[in-house]
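Undergrad: Got a structure here, written out as structure tokens. Questions coming.
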Amino acid sequence: MAQVNQPMFILRDDTDRFQGKQALRMNILASQILASIVRTTLGPKGMDKMLVDKMGDVVVTNDGVTILGEMDIAHPAAKMLVEIAKKQEDVVGDGTTTAVIIAGELLKKAQELFEDGTPIPTILIGYRLAVNKALEILFNISLDAKDEETLINIAKTAMTGKGSDYAKEELAELLVKAVMKVEDGEKVDKKLIKIHRINGGSVEESELVDGIFIDKGRVRDTMPAEVRDAKIALMKYPLELKDINNAKVDFTDPLQMQAFLDNEQEMLKDVADKIISSGANVLFCQKGIDDVVQHYLSKAGIMAFKRVKKSDVNRIMKATGAKLITNIEDLNPDVLGKAGYIHQEKVFDQLLTFIEECEDPKASSILIRGSTRHISSEIERAMEDALGVVSATVEDGKIVIGGGAPEIEIARQLRTYANTLGGREQLAINAFAEALEIVPRTLAENAGLNTIDLLVELRASHENNPNMGLNVFEGKIVDMKEAGVVEPQRVKKQAIQSAHEACEMILRIDDLVAAADGLKQVDPDENLDNSGMPPMPGGMGGMPGGMGGMPPM
């Protein structure tokens, strides 16, 4: 009897599998959808996104990494682009949207080459040659600068279009002064700069504090509300007895109970006495402080704070010179910090404690004001982006001109480089050059300008001047160096590198296996619209209507 060939199944029936072109198209489409979501936020004229989570909390922002972080992304290829945005934010603090849209455009150009018959390995080789050359060009067109005027321009460029335009001059100056205070050689520890927002008031009321502040009040109202010539004790030691609720203690006599309680009181009084005898008149403790200890400290006129955050403790150490004590036996006058004036103040509806008149504070704090929670939150995000780029400029000392100028110049020189090579790799290098031009093209689109004419004019202007960029407010091609529109070299370097790496990883995938409900399927054969961007299907990100749990409109 002839043997019947039986199919063999190694995957469960409810497993989805996509292979070859189908897997490639699906991953590229998902990446393009994600890029198209954040693309409209790029530049000074970029639009905002409103994100609503399942609890009904609303976030209004045009910050790329915030948008991607708030969305519940389901597709694995799209998640890769979210990761490059987060890495961009960690490394530089700005340029997240740029990195994502370049990655999306690189994938789109790669798909076009693949559909025309260029093998994926050839495209990958061409892209590697292109990214190496692009970074070389970027270093060549970079300028050396980290003077105060340049840093202010860097901060203003980062904040433009992020809800703080009308006060960006003042905010940029505050930020640069804060960075200068914590600069240590050519390193800037961003954690030593506290940016704190308070809802209420206008943006113009934002200020750089003379010293630092913490968002806490003293543990008892009977303690002094202000201290002159402060001697500061900084402790990571619980000033309370361990909880014995679950312990079993046997007493045979009522006097034993009283003796036990008296012993506790004596131990706590001994702790308070050691703090008082050290000469400290202000205490910051990372742990709890028992009521008995609080009582004795209050009687001694000591201002005390409990459960102070680790980040605030680090800033207090840098500002006052205090040493963090982990054992109360080590507390002595030599480990105390100094500050001229510590006082408690209510700013709008928040109680803050200011530590001022420090000798050489290597920490600083910025108080952000805004009329509503949404405005102050967006300004805080803009300031954090600006902090990242100013710090990067101080550390590297390298800047590039903004307004799409570096992308156009790199693309122009890449095309010249491609002409020196043979083979199909030349096509991939030209595709890489075209993909970089998505940045100035998007800036023009978001400003409602004539994209084709401006892009042609921009390319032509770079034959004579590599600093020419797009002024979206006037709709003209101008010298961006003279206009003071500058960015750190690190923003562009990281954006190009991370976009290429994510693109290469996605292009190398030829098989996609997903468990049941593990993948929100996107139709890989769905056509793009006339703008070159794919439509955003409902359900992308695992949320009905695409975003925020809201029904489709």
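The values are calculated or read from the model by the stated rules, or taken from the named source; none is laboratory data. Just so you know, these numbers come straight off a predicted model, no measurement behind them. Counting neighbours? That spans all protein chains shown, and the Cβs are built from the backbone with ideal geometry, glycine included. Remember, those area values only see protein heavy atoms, side chains included, never the ligands or the DNA or RNA. Shrake-Rupley method; radii C 1.70, N 1.55, O 1.52, S 1.80 Å.
Undergrad: Nearest 0.05, what FRET efficiency do N140 and K177 give at R0 = 41 Å with Cβ-Cβ as r?
TA: The pair N140/K177 has a calculated efficiency of 0.80.
Undergrad: Moving to a separate point now. Could you give the length gained on full extension between E226 and K21, defined as 0.36 nm per residue of separation minus the Cα-Cα distance, in nm?
TA: Residue separation times 0.36 nm, minus the Cα-Cα distance, leaves 66.8 nm.
Undergrad: Further question on the same structure: Normalised by the number of residues in segment 266-333, what is the relative contact order in percent for Cα pairs under 8 Å and 6+ residues apart?
TA: 39 percent
Undergrad: Could you tell me what fraction of 2.2 N^0.38 Å the Cα radius of gyration of segment 303-406 comes to, as a two-decimal ratio?
TA: In units of the globular-protein estimate, segment 303-406 measures up at 1.44.
Undergrad: How long is the gain from V52 to R415 if the chain were fully straight, where each residue apart is worth 0.36 nm and the alpha carbon distance is subtracted?
TA: 126.3 nm
Undergrad: Hey, could you pull the Cα Rg and Dmax for segment 420-517, both in Å?
TA: 17.7, 57
Undergrad: At 1.4 Å probe size, with the rest of the protein present, what percent of the exposed accessible area of segment 423-479 is carbon and sulfur atoms?
TA: 48 percent
Undergrad: With the crude spin-label approximation of a point 7 Å out along Cα→Cβ, what separation in nm comes out for N465 versus A300?
TA: 6.9 nm
Undergrad: Set the Förster radius R0 to 30 Å, insert the Cβ-Cβ distance between D479 and E501 as r into 1/(1 + (r/R0)^6), and round the FRET efficiency to 0.05.
TA: 0.35
Undergrad: Compare the peptides 395-407, 78-90, 125-137, 449-461 by average per-residue count of other Cβ atoms within 10 angstrom and give them in order, highest first.
TA: 395-407, 78-90, 125-137, 449-461
Undergrad: If I stretch the segment between Y166 and Q265 completely, what's the gain in nm (0.36 nm per residue apart, minus their alpha carbon distance), one decimal?
TA: Extra length available between Y166 and Q265 comes to 29.8 nm.
Undergrad: Count charges around A447 for me, please; just the other residues with Cβ under 12 Å from its Cβ, Lys/Arg as +1, Asp/Glu as -1.
TA: Here the count lands on +1.
Undergrad: Okay, moving on. Testing the spin-label approximation: label points 7 Å from Cα along Cα→Cβ at E207 and D147. State their distance in nm.
TA: 3.1 nm
Undergrad: Continuing with the same structure: At 7 Å along the Cα-to-beta-carbon direction for both D215 and D189, put a label point, then send me their distance in nm to one decimal.
TA: My value for the distance between the label points is 2.2 nm.
Undergrad: Something else: Using a 10 Å cut-off on Cβ atoms, rank the peptides 191-200, 61-70 from the highest mean neighbour count down.
TA: With the highest mean Cβ count within 10 Å placed first, the list reads 61-70, 191-200.
Undergrad: While we're looking at this one, here's another question. Could you pull out the pairs from K191/K309; K231/K299; K299/K323; K181/K216; K133/K398; K86/K362 whose alpha carbons sit more than 20 Å apart here?
TA: The answer is K299/K323; K181/K216; K86/K362.
Undergrad: Considering the options I429, G388, I408, tell which one lies farthest towards the positive end of the dipole of segment 339-465, charges being +1 on Lys and Arg and -1 on Asp and Glu at the Cβ, about the Cα centre.
TA: Of I429, G388, I408, it is I429.
Undergrad: Output the Cα-based Rg and Dmax of segment 12-133 in Å, rounding Rg to one decimal and Dmax to a whole number.
TA: Rg, Dmax (Cα atoms, Å): 16.4, 50.
Undergrad: Then there is this: Please give me the summed charge of the neighbours of D229: other residues whose Cβ is under 13 Å from its Cβ, Lys and Arg +1, Asp and Glu -1.
TA: For residues surrounding D229, the net value is -1.
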